[in-house]
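To start, the structure under review is shown below, and the notes come after it.
The values are calculated or read from the model by the stated rules, or taken from the named source; none is laboratory data. What you are looking at is a predicted structure, and each value in this text was computed from that prediction instead of being measured. Here the Cβ positions follow ideal geometry from the backbone for every residue, glycine too, while neighbour counts run over all protein chains shown. Accessible surface is based on the protein model in full, side chains and every heavy atom, while ligands, DNA and RNA are left aside. Shrake-Rupley method; radii C 1.70, N 1.55, O 1.52, S 1.80 Å.
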Amino acid sequence: MNQSIEVIIPVHDPARPLARGLRSVLGQRAELAALGVDLVVTVVCHNLAVAAFTDSLPSYLVADDAVAWLPCLDGSNSPAGPRNTALAASSATFLCFLDSDDYLEPGALAAWWRAAQEPQAAAVIAPLRTPEGSILRTPRIRPSKPAVLDPVRDGLAYRSLPFGLLRRQALLGCGFGYAEGIPVGEDLEATLKLWFRGGRIVYPYGAPAYQQTDDSGPERVTSTLRPLAEEFQWLDAMVQAPWLREATLRERRSIAVKLMRIHGIGSLLRRGQLTGPEAEAAWSEAEKKAWQNISRHLTDMAGGELAALSRKDAQLSREAAKANNAQQLRAAVVRHGQAGRMDELVTEQPLVLLSHDSVLRHYFYEQLRQQRRVFSLR
């Protein structure tokens, strides 16, 4: 029996460049067929009739037998619903989620499929080409280029998007599913659960990439600055999740440090860099309390301390928890931006200076990754 790959493309706006994404996938059909792999593309039509999308496409794409059109009328603007709908309906060996404004480079699916075979991988993490043309340097893979990635030692928490090739049985086995009913962050817990509990995870060194673009336009949901409690609603559910509670302390620390460093500190910087009336509205007593709750969640997740944070990140987190107004937060963000190189690299606790999660270790590994071309394409 042939293996199969199903590429799932959720789309909610007929103006998106859906034809480009479809062509990028269907153009790989012959190469996959030569490997004995069947290809299916499922376009999930979110909150609009199928005709709203097919009417604007070339007829040969609409009529292609490999393309299925799946309606999802859930009344929500979250991408979680259509992705979960397609996952529940799928019977493919592997799934690949593709945003409607992105596309796959030629040969990507076959290369990723090959990478999944020998170790029977649960997932192949796609090389991700940014709109600027560079390959995203995540996850934080060891310079030795391991065949199977270790969730902690290879920093899998730093890849927040499940782009690549995902074995459907592994998704079902770990309970993978996008969080519905929250405005942003619907894929964070699902992706972490897959990387840490799904099985063997691999990276296809030198393979063609998943291409992100800037074609999503101003409607993109995640571009809106929301109240902190709303922006981090995903965290309230995650800290209660049985799989995370049962994870080792080492795993929980790796996840918590990443969430604080990228999502937490990032949210403070966005607010502290605002000016004018927008800045005043971005920080209040409610925001301070929300930040205290977020910080407490992440500290508890890490076993009581986030020791691997750099000195400047740890200081900003503490100052935000005490900031009574936008001016105080802005001053803390300015100090963070003016911190010296040592405050960026060094931790407050010397014993964790070279831990897997430390900035200094990451900086040293980055030099080796470049020398050994971990993220270079053939």
Query raised in the report: How many of the residues making up the range 103-154 are within 16 Å of the chain's Cα centre (by Cα), within 22 Å of Gly27 (Cα to Cα) and surrounded by 23 or more Cβ atoms within 10 Å (Cβ to Cβ)?
Result: 4
Report summary line: For the range 40-79 the number of residues that are over 12 Å from His12 (Cβ atoms) and open to solvent by less than 20 Å² (accessible area, probe 1.4 Å) is 5
Query raised in the report: Which one of Gly36, Gly75 is over 18 Å from Ala209 (Cβ atoms), at pLDDT below 95, of a type in the set (Gly, Ala, Ser) and more than 21 Å from the chain's Cα centre (by Cα)?
Result: Gly75
Report task. Just need a number here: residues in the range 314-348 that are open to solvent by less than 20 Å² (accessible area, probe 1.4 Å) and among the basic types (Lys, Arg). Result -> 0
Query raised in the report: If we keep just the residues of the range 272-303 that are farther than 20 Å from Val334 by Cα and outside any helix (DSSP H, G or I), which is most open to solvent (accessible area, probe 1.4 Å)?
Result: Gly303
Requested in this report: Count, please, the residues in the range 351-378 that happen to be among the basic types (Lys, Arg) and either under 15 Å from Arg341 (Cβ atoms) or assigned to a helix (DSSP H, G or I) (or both).
Outcome: 2
Report summary line: Of Leu269, Leu259, Leu225, Leu306, the only residue that is under 25 Å from Arg341 (Cβ atoms) and assigned to a loop (DSSP other than H, G, I, E, B) is Leu306
**Report entry** Residue tally, condition outside any strand (DSSP E or B) and touching a strand residue (DSSP E or B) at 6+ places or on another chain (Cβ under 9 Å), over the range 154-172
**Finding:** 9
Report summary line: Checked against (1) closer than 23 Å to Leu377 by Cα; (2) modelled with pLDDT under 95; (3) β-branched (Val, Ile, Thr), Val202 satisfies every condition except (2)
Query raised in the report: Which one of the conditions (1) part of a loop (DSSP other than H, G, I, E, B); (2) of a type in the set (Gly, Ala, Ser); (3) more than 22 Å from Arg23 (Cα to Cα) does Gly133 fail to meet, given that it meets all the rest?
Result: (3)
Report task. Among what's in the range 349-362 and is polar (S, T, N, Q) and open to solvent by less than 60 Å² (accessible area, probe 1.4 Å), pick the residue that is farthest from Leu309 (Cα to Cα). Result -> Ser355
Query raised in the report: Given the residues Arg83, Arg23, which is the only one that is open to solvent by less than 50 Å² (accessible area, probe 1.4 Å) and basic (Lys, Arg)?
Result: Arg83
Query raised in the report: Quick one: which of Ala179, Ala190, Ala170, Ala157 is open to solvent by 20 Å² or more (accessible area, probe 1.4 Å), modelled with pLDDT of 95 or more and among the small types (Gly, Ala, Ser)?
Result: Ala179
